[in-house]
1. Could you list which residues have their amide H under 5 Å from that of residue B:192, counting only those 5 or more apart in sequence or on another chain, with H placed in the peptide plane?
2. Under the convention of a label 7 Å out along Cα→Cβ, give the distances in nm from residue A:187 to the same position in every other copy, shortest first.
3. Taking 2.2 N^0.38 Å as the expected size of a compact globular protein, what ratio does the Cα radius of gyration of region A:166-314 give against it, to two decimals?
4. Between region A:332-356 and region B:324-379, what's the alpha-carbon centroid distance in Å?
5. Nearest 0.05, what FRET efficiency do residue A:187 and residue A:278 give at R0 = 41 Å with Cβ-Cβ as r?
6. State log₁₀ I(q)/I(0) for region A:206-245 at q = 0.14, 0.17, 0.32 Å⁻¹ as given by the Debye formula over alpha-carbon point scatterers of equal weight, solvent excluded.
7. Ordered shortest first, which distances in nm separate the 7 Å Cα→C-beta label point of residue A:202 from those of the other copies?
8. Could you go through region A:278-292 in sequence order and give the Karplus-derived ³J(HN,Hα) for each residue, using 6.51 cos²θ - 1.76 cosθ + 1.60 with θ = phi - 60°, rounded to whole Hz, and x for Gly and Pro?
2 protein chains.
Amino acid sequence: MKKIFKIIVAGALLLVLTGCGNLKDSDLSNNATTTSKKKSYQTTGTTDSQYSVLLRNGQYKTGKTAGMAATTNGNDVDTKNFESELVELSTKQFSPNKYVFQEGQILTTGTVSNWLGRYDKKTNKEGLNPVDNKKKDAGKRNPYYLEQILEQDYLTGSNNSYALGGMSIGLGLNSVDYFTKVKDGAQYKDEISRAKQTSEGKKMAEKIVTRLRKEKATKSIPLLIGLFDKTKQDSLVGGTYFLYGVVNKDSNKVDKWVTVNNKTQVLPTIGDEKAINSNDAEGFTNFKAAIQGYFPNISGVIGRLTYQDNQLTAMDISITTQFYGYSQINSFAKLVLSNAKKFLPTNAKIEIKIESVSDTQALISKNKPDDEYYVHIFN
Amino acid sequence: MKKIFKIIVAGALLLVLTGCGNLKDSDLSNNATTTSKKKSYQTTGTTDSQYSVLLRNGQYKTGKTAGMAATTNGNDVDTKNFESELVELSTKQFSPNKYVFQEGQILTTGTVSNWLGRYDKKTNKEGLNPVDNKKKDAGKRNPYYLEQILEQDYLTGSNNSYALGGMSIGLGLNSVDYFTKVKDGAQYKDEISRAKQTSEGKKMAEKIVTRLRKEKATKSIPLLIGLFDKTKQDSLVGGTYFLYGVVNKDSNKVDKWVTVNNKTQVLPTIGDEKAINSNDAEGFTNFKAAIQGYFPNISGVIGRLTYQDNQLTAMDISITTQFYGYSQINSFAKLVLSNAKKFLPTNAKIEIKIESVSDTQALISKNKPDDEYYVHIFN
């Protein structure tokens, strides 16, 4: 392996677990807690359907291979989307009413490290990235298509007995492969088309299915494999899944591919970028104008809009202020609330975060489109 | 004046306004907004009774003398309490149903600067701090008792006509007066007893009443003067009001003094400090133990408890994590919720803030004791 795999653990403990089978021994150490946790799904309102999370011996288990990457050119904006959108896709295959969530415990760091590497018939037959063709120039060399692999486990069972009932795999595919010709040298790049991401991603998915079917734990469970488009380094918005494959129980191939139509846009738009939906953009613009007119010390109002199948699902607004007084924050939050009601779309989740330089000052939010707004001023 | 007054504006524009009478010209430029703002009191739920804020010519007016201090030894933890508690005390005299709030617009920077200074029969007859007795040693010199003055205006009226209907004055009194013998020299201190804060504060309040009664705008309105105990520099909790005086309309003196019994405590306690209420402290300890047991990456759980008349009114908990993943934050928030319901007091407002090193990750809160918990995961 020529390339060194960088494990980005971002301050988290990567727990090196001994063995990974034996799911029968899993337990939720405190049944009273389990019960109240399950009840809380109905009351938290964070989304309509959210997974319960399996705690083993009273502890949350972090993923065994979380944060591993093929190259050192990760784009941080992507990480959250890579994980959260795979959970969301999984809800379509593995119902949260039936399955509980656990971060990936099956694939080992050795396996993922090999898969992320370049194929080499002598040293790495498992490499999913193309062989090193010894070319050094952009457009001539074989790029790294696959940057990251994410495993999520979905378990079934109850009380003290849980078994792996489904698995989701996210493949983080580069839209741009950044590289240097010499160590610490100038950066070059290979751009990768969506068509190429799709064809390469599909081939990798089939190889992964074949391999997982040889392992005892994943021999006959349903699988979901998502293809994730990693963004450019300077992107303001994170990447997104564009396609996912479903592998039925006992099947040895991807049985169907489903297109995902997720888009994200930051407002106000820059240059001559067009709004995805002009009504949504106009609502945001009016909201922004209204709150900036009333208060002297507002430095920025930025919106981040998420679309699924061209339908706005979430609008996240961040307002940066230079406030210092209790009364200002309080009355500003009220003004934001009344203008949010007046101008912002009513068919999406809304998060409005009022921040000063050092801290979050207030939150105005609706976790569901038809909720009432909730206002909280931080103490 | 020997001492230079430092105006801490903390990044805010200090709007120098021309004149300050003419309140009849005040208006809420947009009546539609007014209406929805008034309606929002019932829906925001931030407190039971909150002031509407007067916007003049469509703009929020920052206080003319906000942030002025007698010395340069301000304690930042105090600022929010100094302001927010005075608003709260004011609700008892100036009903939010009748009065609207505006930051102080009557006292000029010149006036407040003189009042905060030392008395000097030649150069500053208005100084509320004692004359400079030329002594340099702690215990011998006359300390600065008064550190800050805060004005809040409470207006009555409707539509385009508002008039000053009441005023609250906060006097920030040092519990410790820090000083240096030479410029930029070593720091010394004079400690000031509660008895001394009380007697000096009361004397200042009477002088202020006399002066305000000579001004046209404040000739005959009711006044509230709060005495605020500023904390030591190394205090974890902010200061608090301990006494307030009520001056009736047309009266020329403080008609009654009312004791305020506010206390704040940070948990876990340090050293052999005793909990104000052992039940509350035990609930916090159990909550802390429960959430720290389940997740590997929690670095700190700190509670800040506020008591009024020995009754817990608010518990603000800050949890610092080293999380990086979407699923961890989500499931941790659920765990926090279930343990909050299980262990935390049910008779107080609760704010639980989950933070990573750089950002707020989640909020679990009840704005009123009998609300349901609200959970929000930041995007």
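1. HN-HN under 5 Å from residue B:192: B:176, B:177.
2. Sorted ascending, the copy-to-copy spacings read 4.3 nm.
3. Working: Rg = 20.6 Å, N = 149, 2.2 N^0.38 = 14.7 Å.
So region A:166-314 has a normalised radius of gyration of 1.40.
4. 21 Å
5. Working: r = 37 Å, r/R0 = 0.90.
Once the sixth-power term is evaluated, E becomes 0.65.
6. Log-scaled intensity ratios, in q order: -0.47, -0.59, -1.04.
7. 8.8
8. Karplus values, whole Hz, x for Gly and Pro: 5, 5, 4, 5, 5, x, 4, 4, 5, 4, 4, 5, 5, 7, 6.
Any read-out appearing in this document is the output of simple, stated calculations on the displayed coordinates, not a laboratory observation. On a predicted model such as this, the values are computed, not experimentally measured, just so you know. Glycine also receives a Cβ, built like all others from the backbone with ideal geometry; neighbour counts cover every protein chain displayed.
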